[in-house]
Amino acid sequence: MSKSTIVRGAFLLTAASFLSKFLGMIYVIPFNAMVGADGVTLYQFAYLPYSILVTVATVGVPLAVSKFVSKYNSLGDYYTGMRMFKTGMSIMALTGIITFLALFFSSEFIANQIIIDNDLPISVEDVTMVIRMVSFALIITPSMSILRGFFQGHQSMGPTAVSQVIEQIVRIIFLLIAVFVILNIFNGSVTTAVGFATFAAFIGAIASYVVLLAYWKKRKPHLDKNIVQQKYTHDIPKKELLTELFRYAGPFVIVSIAIPMFQLVDNFTFLRAMADIDQEKIATALLGSIYTLSHKLVIIPVTLATGLSLAVMPVLTSSFTQGQRPQLINQINQALQIILVLVIPASFGLSMLSREAYGTLYNLNNIDETGALLGWYAPVGILFALLSVTAAVLQGINQQNNAVINLCAGLLFKILFNIQFIHWFGAKGSIFATAIGVGLAVFLNLLWIKKSVEFPFRQLIKRTILIVIFVLFMWIVVLILKFVLGFIFPYEDSRLGLMLMLILGVGFGGYVYLWFAYKSTLLERVLGDRVRILGKIFK
C-alpha cells in the first residue's frame, strides 16, 4: 500500500472522528448548563463502564476482522474473509445480549463501589439508574461495530466515517431534546434527564446500523464478484478460523479500552482520595471537570491517532504479510510523524490557552482550578495519541501480545499510585499518575517496535526536536498576546474577554507554528505534496 493510502484513509477516519469529537465537545456546553457539574459527573459514572463493556462485548472482533480480512485479501482469498465476517456477526449478536444483561443487573453493585459517602450530591440509586439506561446500547453496538471492521479490512474507510458522524449527530439531537424536555417541560429530576442522556447511545447506534446496512447492500455485488473470480481459497476449518480470530481479537480488547480503563481507576479512587485530604466537597465537581469536560477538549487532537491507527493497521498487516520491510519501515515512520507534527502543537496549544478554553466553553466557576487542571491534562493527549498508534503498529506486525503487556504495566502503575499521587498533589495528582502510566506503556511499545522490525528512530527524533522548537516559537507568541491584551483590558474577568484571547491565541499561535513547519518543508515531508496548497497563505 502506498503512502497516499495511509494518508487518505487516516484523513477520512480522522475527519469523521474529529467531527464526531467536536460535536461531542459542543453538546457538552448546553448539557453542562442544563444539568450542572454534578449531572456531568453522574453521566461519566454511567458512560465509562458502558464504554469498557462495549469493547468487551465486541471482544476486539471488529478490529481483528479488519486485520484478518486485510491479510487474506492481500493473498487473493476473499472468501475466507467473508466466512470470518459471518462468523463474527453471530458471535457479536450473542456477546451483545450477554454484556447488556451483565451491565444491567450489576449496575447497583458498581454504583456501591463508586459512591462511598451518603453526603455526596450523587446517590447510589442515581448511579444505578443511569447505568441501566445506557446498558441498552450494548444490545446493538457490537454487531454494528463488526460491519465497520469488515469495511476497514477492505481499506474502505467511508462507511465507518459516515456512520460515526450520523451516530453522533442522532445521539446528540436526542440527548439535548430529551434533557430539555424533562427538565423544562415536565420539571423532572436531573437524574432522570441524565438517564435519558445516556440512553441516547442506543438511539445513535441504531442510526449508525442503518447507514452501514445501506453501504452493505450497495457493496455486496462487488464483494460477491471478487469471491467468484478468486483463484485460490484457504481451506481453514471453522475451529482454526475462530482460533486465529480470537488470537487477534484478545489483545484488541485491552488496547481499545486503554483510555477508559485509566479513567475508570479514577472513578473508583478519586472521591476516596479527595475525601482523605478533606476536599470531598469539591471532589465530584472536579472529577467531572477533568474527565468529562476537560477530556472532551483533550481528546480532539487524539482523534487523529484514532483515525490513523484504524487506517494504518490493515496497511501494515499487508506489508508485513508480504515481507516488504522497507515499505513497512516507511509506513511506521509516517504514522508516528503524522501524530507528532499535528498532535504536539495542538495539545500544548490547548495547555497554553487552558483557562481561556475552559472559561469560554463551560463556565467561570472555580476557573483558576479547573483551567489549571485542563492545562496539566492537555499534554497527556500526546501520550494517548502515541499509545493508540504504537499499539496499532504492534498489532499490525503480529506483536499484539506485547502491546497488551505494555499497557497492563502502565495501568498497574496508575492503580498502585493514583491515590498516593492525589494525596501528594491534590486533584492534579490523578493526571500525573495517568501521564506516567500511559508514558510507560508508550515507551515499552516503542522498544518492542524497534526490537521487532529493527526500526530506526533517528529521523523521528530529529523531526520531533524540530517540532518542539516550532512549538516554543508558538508559545512565545501566545505569551506576548496575553501580555498585550491584558495590558489593554482585564480580559480574564469575563467570558467574552476569555473568548477573544482564545480566538487570537489559536489564530496567531497556530499560524506561527504552521508557517515554520511549512517553510522548513516539515509538513511536506510528513504529509506529502498536498500541503503545498498552504503556499497561498504563507507567501
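So here's what we get for this one:
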{"item": "When residues of the range 494-535 are limited to those that are among the aromatic types (Phe, Trp, Tyr) and in contact (Cβ under 8 Å) with a residue 40 or more places away in the chain, the one surrounded by the most Cβ atoms within 10 Å (Cβ to Cβ)", "result": "Tyr513"}
{"item": "Residue ID - farthest from Ala207 (Cα to Cα), chosen from residues in the range 159-173 that are surrounded by fewer than 24 Cβ atoms within 10 Å (Cβ to Cβ) and free of Cβ contacts under 8 Å to residues at least 40 places away in the same chain", "result": "Ile173"}
{"item": "Single unsatisfied condition, Asn118 versus (1) open to solvent by 10 Å² or more (accessible area, probe 1.4 Å); (2) at pLDDT below 90; (3) assigned to a helix (DSSP H, G or I)", "result": "(3)"}
{"item": "Residue, nearest to Ala435 (Cα to Cα), within the range 342-377, restricted to residues that are among the hydrophobic types (A, V, I, L, M, F, W, C) and modelled with pLDDT under 90", "result": "Leu342"}
{"item": "Only listed residue being modelled with pLDDT under 80 and open to solvent by 10 Å² or more (accessible area, probe 1.4 Å), chosen from Val56, Val61, Val69", "result": "Val56"}
{"item": "Which numbered condition Gly359 fails, given (1) within 25 Å of Met499 (Cα to Cα); (2) within 20 Å of the chain's Cα centre (by Cα)", "result": "(2)"}
{"item": "Members of the range 444-493 that are modelled with pLDDT of 95 or more, more than 19 Å from Leu342 (Cα to Cα) and loosely packed, with under 12 Cβ neighbours inside 10 Å", "result": "Ile480"}
{"item": "Hey, Val179 open to solvent by less than 10 Å² (accessible area, probe 1.4 Å) and under 12 Å from Ala46 (Cα atoms) or not", "result": "no"}
{"item": "Among the residues listed as Ser143, Ser156, the single one being open to solvent by 10 Å² or more (accessible area, probe 1.4 Å), among the hydroxyl-bearing types (Ser, Thr, Tyr) and part of a helix (DSSP H, G or I)", "result": "Ser143"}
{"item": "Those residues of the range 215-240 which are outside any loop (DSSP other than H, G, I, E, B), open to solvent by 100 Å² or more (accessible area, probe 1.4 Å) and touching a residue at least 24 places away in the same chain (Cβ under 8 Å), in sequence order", "result": "Lys238"}
{"item": "Hits in the range 91-142 (condition: of a type in the set (Gly, Ala, Ser), within 25 Å of Ala285 (Cα to Cα) and touching a Leu at 6+ places or on another chain (Cβ under 9 Å))", "result": "Ser135"}
{"item": "Filter pass, Ile177 being at pLDDT 85 or above and in contact with a helix residue (DSSP H, G or I) (Cβ under 8 Å, 6 or more places away or on another chain)", "result": "no"}
{"item": "Selection from the range 385-412 of residues that are over 25 Å from Ile344 (Cβ atoms) and assigned to a helix (DSSP H, G or I)", "result": "Gln400, Asn401, Asn402, Val404, Ile405, Cys408, Leu412"}
{"item": "Ile131 open to solvent by less than 10 Å² (accessible area, probe 1.4 Å) and part of a helix (DSSP H, G or I)", "result": "yes"}
{"item": "Any pair with Cβ under 8 angstrom, 6 or more apart, that starts in the range 319-340 at a residue that is under 18 Å from Ile467 (Cβ atoms) and ends at one that is charged (D, E, K, R)", "result": "Gln334/Lys3; Gln337/Arg463; Leu340/Arg463"}
{"item": "Only one of Leu373, Leu342 that is among the aliphatic types (A, V, I, L, M) and closer than 12 Å to Leu297 by Cβ", "result": "Leu373"}
{"item": "Odd one out for His423 among (1) surrounded by fewer than 17 Cβ atoms within 10 Å (Cβ to Cβ); (2) without any contact (Cβ under 8 Å) to a residue 40 or more places away in the chain", "result": "(2)"}
{"item": "Which listed residue is at pLDDT below 85, open to solvent by less than 40 Å² (accessible area, probe 1.4 Å) and of a type outside the set (S, T, N, Q), from Ala392, Ala403", "result": "Ala392"}
{"item": "Residue that is nearest to the chain's Cα centre (by Cα), among those in the range 182-214 that are open to solvent by 60 Å² or more (accessible area, probe 1.4 Å) and of a type in the set (Phe, Trp, Tyr)", "result": "Phe196"}
{"item": "Selection within the range 362-372 - buried (at least 24 other Cβ atoms within 10 Å of the Cβ) and assigned to a helix (DSSP H, G or I)", "result": "Thr370"}
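Residue by residue, here is whether (1) open to solvent by 20 Å² or more (accessible area, probe 1.4 Å); (2) in a helix (DSSP H, G or I); (3) within 19 Å of Leu213 (Cα to Cα) holds:
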position	(1), (2), (3)
Val65	no, yes, yes
Ser90	yes, yes, yes
Ile97	yes, yes, no
Phe109	yes, yes, no
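The values are calculated or read from the model by the stated rules, or taken from the named source; none is laboratory data. This structure is a prediction, so every number in the text was calculated from the model and none was measured. Methodologically, a virtual Cβ is constructed for each residue, glycine included, from the backbone with ideal geometry; neighbour enumeration extends over all protein chains shown. For the accessible areas, the whole protein counts, side chains as well, though only heavy atoms, and no ligand, DNA or RNA atoms are used. Shrake-Rupley method; radii C 1.70, N 1.55, O 1.52, S 1.80 Å.
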